[in-house]
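See below for the structure under consideration.
Here, each number is a calculation from the coordinates, and none is a lab measurement. Please read these numbers as outputs of a predicted model, since none were measured by experiment. When we count neighbours, we look across all protein chains shown, and the Cβ atoms used for this are built from the backbone with ideal geometry, even at glycine.
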Amino acid sequence: MCYDLGGFFLKVAQIIGKPDLAPIAWVKRLVTLCDRAPLTPFDVVLAVLEREFSQSVSNVFERFYVDPLGSASIAQVLYAM
């Protein structure tokens, strides 16, 4: 459920899922949220970047890889040159 809600709820689940804060059964379930957060769709990422740069991503970067390197509760990492 926290996975689907994302953002704040995902972060709370990550914090609660620490071994020193929760029963081991919870930790086993919640630890996956630390490195497998839901991905933001690329069209959303593209729209944000183009709005922030006030130009096309192809004008800013020589290469832009669509597949994220990683995703967490409040960020997603993409590779661009």
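Listing for the model above:
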{"quantity": "Translational diffusion of segment 39-81, µm² s⁻¹ [Kirkwood Rh, Cα pairs; Stokes-Einstein; 10 °C; 1.306 mPa s]", "calculated": "147"}
{"quantity": "Estimated distance in nm for a label pair at Ile24 and Arg51, the labels positioned 7 Å out from Cα along Cα-to-Cβ", "calculated": "4.6"}
